[in-house]
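S.K.: Below is one structure. I have some questions about it.
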Amino acid sequence: MRIECTCERGFHEMPTEVIEVSEHAVEKVAEILKDYHRIFMVSDENTYRVEGRRAEEILKASGQLWKSVVLPVPTLPNEKTLGRILIEAGDAAQPYDINQFSENPDYVLAVGGGSINDSCRMVAYRLGIPYGVCGTAPSMDGYASVVAPLLCKGAKYVYNCTIARHIIIDLNVNAEAPEPLLLAGLGDLLGKYIALLDWEISRDLTGEYYCENIANMVLEATDKALMLAPKIKSRDIETIRAISEGLLISGEGIAYCGSSRPASGTEHMIAQTWEIMDVQAGRLPYLHGVEVGCGTFEAVEIFRRVYREIDDPRIKPLIEKYLPKFDALEAMQKEVHLPFTQTDHDFVIEGTLRGRTFRERYTILQYLYDRGLLEDYAESAYKAMMEKHFYGTFKEQFPDWEE
Ligand SMILES: [Zn+2]
Ligand SMILES: [Zn+2]
């Protein structure tokens, strides 16, 4: 896919060929993958039930299915899962020839969400073959990502991989996804307001590259999802479409930009630090998007105070543009009650301070740090987010959730 652009780069492109978001999209899988005839399909017990079984039937009937493997749940993107996929990517029935390497499939089709997609993306990359995904839940913006966050040696690392050649989102399947996954997708998407504001600040303060068209594309998609968000609990199909498309557009923005800048700022750097702190403490991290939702509300409170108290003509007008979005986020939270992940004072503050250097990226955290204000702002933001936006923790809302 390629778009012409008015920014200094002149155009943007990404290797993804097809993004299909529609009702009953799975029915088109054989047609979309018509160039592949040795498809290795990977799902887990849950995703097989909701979509994999149907995809398998269709690809079998068209003669394109080489092998289908169904992994046990929960599927974590770790050494065990990747090893299993790699072992299954060989054909045990094939006559053994000591002088030959085993014949590879010609395509890996991931049926699932974050974990399966990230694991398959890595295996396909290592096998040197294309891959695609039937996304079963709109839970994060990683379907169009080039990197895979994987658990290795007890920690979380981000590995460079390949990008999906085809992304197929069946809205009817996505609408039936478990509620935590829907809320996670919403959280990941709403964080874009903070990411885009940080990007504009960096453009003006550090001269960083900025593309207005990419930023607007992501902003519009986020606005649309925010407007429809209150209907998420009733699984309204247009709300699911807005979230699914919004996350894909955010993923496209990342691919077009060549970095996650349009989709990840203060809120992600804080949230991803919390994820790492949880893993380091031997706990399973929360769903990425739920964590980001929590980080977003903290970042909102940081920006609000900066706007009130720091008279810097370079950033004040930029924040002012986003104040109505912040109000809308707050109104949405009163209806939707996005769960919070982290509520422990010391944990939140530590993640906020360490989050500043999570990656090399100029954000409001660095701006405050340079002025000796970060700790004080982290404290006040924590207090404000707990007083104004907190409607319960994830564990309180979903006590049986295992991921
Ligand atoms: Zn551009
Ligand atoms: Zn994210």
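S.K.: How many residues, within segment 122-146, are of a type outside the set (Asp, Glu) and either within 16 Å of ligand 2 (Cβ to nearest atom) or under 19 Å from the mean Cα position of the chain (by Cα) (or both)? Break it down stepwise before answering.
M.R.: Filtering segment 122-146 down to residues of a type outside the set (Asp, Glu) leaves 122-140, 142-146.
Still in the running and either within 16 Å of ligand 2 (Cβ to nearest atom) or under 19 Å from the mean Cα position of the chain (by Cα) (or both): 122, 131-140, 142-146.
Adding up the residues that qualify gives 16.
S.K.: Looking only at residues that are of a type in the set (Gly, Ala, Ser) and part of a strand (DSSP E or B) in segment 143-178, which one is least open to solvent (accessible area, probe 1.4 Å)?
M.R.: Of the residues in segment 143-178, the ones of a type in the set (Gly, Ala, Ser) are 144-145, 148, 154-155, 164, 175, 177.
When the remaining residues are screened for being part of a strand (DSSP E or B), the result is 148, 155.
Values: Ala148: 0, Ala155: 25 Å².
For segment 143-178, the residue satisfying everything is Ala148.
S.K.: I need the full set of residues from segment 374-403 which are under 19 Å from Ile319 (Cβ atoms) and in contact (Cβ under 8 Å) with a residue 60 or more places away in the chain, in order please.
M.R.: First pass over segment 374-403, keeping only residues under 19 Å from Ile319 (Cβ atoms): 374, 376-378, 380-381, 384-385, 388-389.
The answer is Tyr377, Ala378, Ser380, Ala381, Ala384, Met385, Lys388, His389.
S.K.: Being in contact (Cβ under 8 Å) with a residue 40 or more places away in the chain and not polar (S, T, N, Q) is the filter here; which residues of segment 335-349 pass it? Show your work before the answer.
M.R.: Initial filter on segment 335-349 (in contact (Cβ under 8 Å) with a residue 40 or more places away in the chain): 335-343, 347-348.
Those that are in contact (Cβ under 8 Å) with a residue 40 or more places away in the chain and not polar (S, T, N, Q): Glu335, Val336, His337, Leu338, Pro339, Phe340, Phe347, Val348.
S.K.: Just the residues that are of a type outside the set (D, E, K, R), within 14 Å of ligand 1 (Cβ to nearest atom) and open to solvent by 10 Å² or more (accessible area, probe 1.4 Å), please, taken from segment 179-218.
M.R.: Across segment 179-218, the qualifying residues are Tyr209, Tyr210, Asn213, Asn216, Met217.
S.K.: So, in segment 258-272, how many residues would count as being open to solvent by less than 20 Å² (accessible area, probe 1.4 Å) and away from ligand 1 (no atom under 16 Å from the Cβ)? Steps first, please.
M.R.: Kept after step one, since they are open to solvent by less than 20 Å² (accessible area, probe 1.4 Å), are these residues of segment 258-272: 261-271.
This time we only want the ones that are away from ligand 1 (no atom under 16 Å from the Cβ), so: 264-271.
Residues flagged as open to solvent by less than 20 Å² (accessible area, probe 1.4 Å) and away from ligand 1 (no atom under 16 Å from the Cβ) within segment 258-272 amount to 8.
S.K.: Another question, then. Could you identify the single residue in Glu330, Glu291, Glu350, Glu335 that is touching a Pro at 6+ places or on another chain (Cβ under 8 Å), open to solvent by 30 Å² or more (accessible area, probe 1.4 Å) and farther than 23 Å from Arg203 by Cα? Break it down into steps so the answer makes sense when it comes.
M.R.: Details: Glu330 fails: touching a Pro at 6+ places or on another chain (Cβ under 8 Å); Glu291 fails: open to solvent by 30 Å² or more (accessible area, probe 1.4 Å); Glu350 fails: touching a Pro at 6+ places or on another chain (Cβ under 8 Å).
On inspection, the qualifying residue turns out to be Glu335.
S.K.: Looking only at segment 1-20, which residues are farther than 16 Å from Gly253 by Cβ and surrounded by 14 or more Cβ atoms within 10 Å (Cβ to Cβ)?
M.R.: Hits for segment 1-20 are Glu17, Val18, Glu20.
S.K.: I'd like to check which helices (runs of 4 or more DSSP H) are fully inside segment 304-403 and have at least 3 residues that are of a type in the set (A, V, I, L, M).
M.R.: Working: elements: 316-336, 345-355, 364-370, 374-388, 394-397.
Here the list reads 316-336, 345-355, 364-370, 374-388.
S.K.: So in segment 123-142, with the set limited to residues that are surrounded by 24 or more Cβ atoms within 10 Å (Cβ to Cβ) and touching a strand residue (DSSP E or B) at 6+ places or on another chain (Cβ under 7 Å), which one is farthest from Ser22 (Cα to Cα)?
M.R.: Going through the qualifying residues, I end up with Val123.
S.K.: Give the residues of segment 198-213 that are away from ligand 2 (no atom under 16 Å from the Cβ) and part of a helix (DSSP H, G or I), sorted by residue number.
M.R.: If we filter segment 198-213 for residues that are away from ligand 2 (no atom under 16 Å from the Cβ), which is where we start, we get 200-213.
Matches in segment 198-213: Glu200, Ile201, Ser202, Arg203, Asp204, Leu205, Thr206, Glu212, Asn213.
Matching residues to (1) open to solvent by less than 40 Å² (accessible area, probe 1.4 Å); (2) assigned to a helix (DSSP H, G or I); (3) within 14 Å of ligand 2 (Cβ to nearest atom):
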| position | (1), (2), (3) |
| --- | --- |
| Leu226 | yes, yes, no |
| Lys231 | no, yes, no |
| Ser234 | no, no, no |
| Glu238 | no, yes, no |
| Ile249 | no, yes, yes |
| Gly253 | yes, yes, yes |
| Tyr256 | yes, yes, no |
| Trp274 | yes, yes, yes |
| Asp278 | yes, yes, no |
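Yes or no, residue by residue, for (1) under 23 Å from Leu86 (Cβ atoms); (2) more than 16 Å from ligand 2 (Cβ to nearest atom); (3) among the small types (Gly, Ala, Ser):
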| residue | (1), (2), (3) |
| --- | --- |
| Arg9 | no, yes, no |
| Ser22 | no, yes, yes |
| Lys28 | no, yes, no |
| Asp35 | no, yes, no |
| Phe40 | yes, yes, no |
| Leu59 | yes, yes, no |
| Lys67 | yes, yes, no |
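The values are calculated or read from the model by the stated rules, or taken from the named source; none is laboratory data. Everything numeric here is computed off the predicted structure, so don't read it as measured data. Backbone-built Cβ (ideal geometry, glycine too); neighbour counts: all protein chains shown. We work out accessible area using only protein heavy atoms, side chains counted, and drop any ligands, DNA or RNA first. Shrake-Rupley method; radii C 1.70, N 1.55, O 1.52, S 1.80 Å.
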